[in-house]
Amino acid sequence: RPVSLARLLGDVITDLRPAAEAKHLTIEVVSDGPIVVSADPARFRQVLTNVVSNAVKYTPDGGRVVARAGAADGIATVSVADTGIGIPADQYPRLFERFFRTSNAVQGGIKGTGLGLAITKAIVERHGGTITARPGEPCGTVFEITLPEASP
Ligand code: ATP
Ligand code: MG
């Protein structure tokens, strides 16, 4: 089914804005066009909710979250960048394992089950896409999801 990633992302940000405001986070969504993919809208909304809610959860008071939807060369991309606690470099390889939680998140007393990203990755891959994470500049984390763009 053709779904606008930009629209789904906007809906997800609207839902999570109160949680972000409670932590005095700036949360921003940027998109260039509707960015249409073929996806199950409910499942893909869950994907975006998981990644954006992690950004809100793992970013301390006063930080910033920026979500972008774009497309180039037939590939749609959503990136979610935060200024949060970041991921220890040696722990990136385990990030998408079920029940994995980073040492700094556990030590910081931030609660979670470590299932969200494993579920997210399974859904993204079932749609023919990819999900990756990398360090943010100068801090925090950037998650990037790619999917084939729907042909017009
Ligand atoms: P839940 O299952 O409720 O989502 P969770 O947030 O702990 O629990 P995941 O969403 O799977 O689990 O994330 C796995 C781990 O990756 C987290 O516990 C945290 O250690 C780390 N993590 C995820 N997103 C971020 C982020 N934006 N910044 C820093 N660490 C993150
Ligand atoms: Mg989570």
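The values are calculated or read from the model by the stated rules, or taken from the named source; none is laboratory data. From a predicted model like this one, the values you see are computed outputs, not experimental measurements. Neighbour counts are summed over all protein chains in view; Cβ atoms, including those assigned to glycine, are modelled from backbone coordinates with ideal geometry.
Numbers at a glance
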| quantity | calculated |
| --- | --- |
| Residue pairs meeting the criteria (Cβ under 6 Å; at least 6 apart or on separate chains; first closer than 15 Å to Ala55 by Cβ, in the stretch 126-138; second modelled with pLDDT under 95 and among the small types (Gly, Ala, Ser)) | none |
| Residue that is farthest from ligand 1 (Cβ to nearest atom) [pool: residues in the stretch 114-152 that are of a type in the set (S, T, N, Q) and buried (at least 16 other Cβ atoms within 10 Å of the Cβ)] | Thr146 |
| Residues of the stretch 4-49 satisfying the condition of being hydroxyl-bearing (Ser, Thr, Tyr) and either without any contact (Cβ under 8 Å) to a residue 12 or more places away in the chain or touching a strand residue (DSSP E or B) at 6+ places or on another chain (Cβ under 9 Å) (or both) | Ser4, Thr14, Thr26, Ser31, Ser38 |
| Selection from the stretch 49-71 of residues that are over 16 Å from Thr83 (Cβ atoms) and more than 10 Å from ligand 2 (Cβ to nearest atom) | Ala69, Gly70, Ala71 |
| Residues (more than 18 Å from Arg134 (Cβ to Cβ), near ligand 1 (Cβ under 7 Å from one of its atoms) and either among the aromatic types (Phe, Trp, Tyr) or in contact with a Ser or Thr (Cβ under 9 Å, 6 or more places away or on another chain) (or both)) located in the stretch 94-113 | Arg101 |
| Qualifying residue in the stretch 30-39 (condition: away from ligand 1 (no atom under 16 Å from the Cβ), within 18 Å of Arg1 (Cβ to Cβ) and not aliphatic (A, V, I, L, M)) | yes |
| Residue check for Thr120: away from ligand 2 (no atom under 16 Å from the Cβ) and under 14 Å from the mean Cα position of the chain (by Cα) | no |
| Residues that are away from ligand 2 (no atom under 13 Å from the Cβ) and within 30 Å of Asp32 (Cα to Cα), drawn from the stretch 86-117 | Gly86, Tyr92 |
| Residues satisfying the stated conditions in the stretch 28-47, i.e. small (Gly, Ala, Ser) and assigned to a helix (DSSP H, G or I) | Ala42 |
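Listed here are the residues, each with its yes/no results for (1) farther than 21 Å from Leu16 by Cβ; (2) touching a residue at least 40 places away in the same chain (Cβ under 8 Å); (3) touching a helix residue (DSSP H, G or I) at 6+ places or on another chain (Cβ under 8 Å).
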{"site": "Gly63", "(1), (2), (3)": "no, yes, no"}
{"site": "Ala69", "(1), (2), (3)": "no, yes, yes"}
{"site": "Ser79", "(1), (2), (3)": "no, yes, no"}
{"site": "Pro88", "(1), (2), (3)": "yes, no, yes"}
{"site": "Arg94", "(1), (2), (3)": "yes, no, no"}
{"site": "Val106", "(1), (2), (3)": "yes, no, no"}
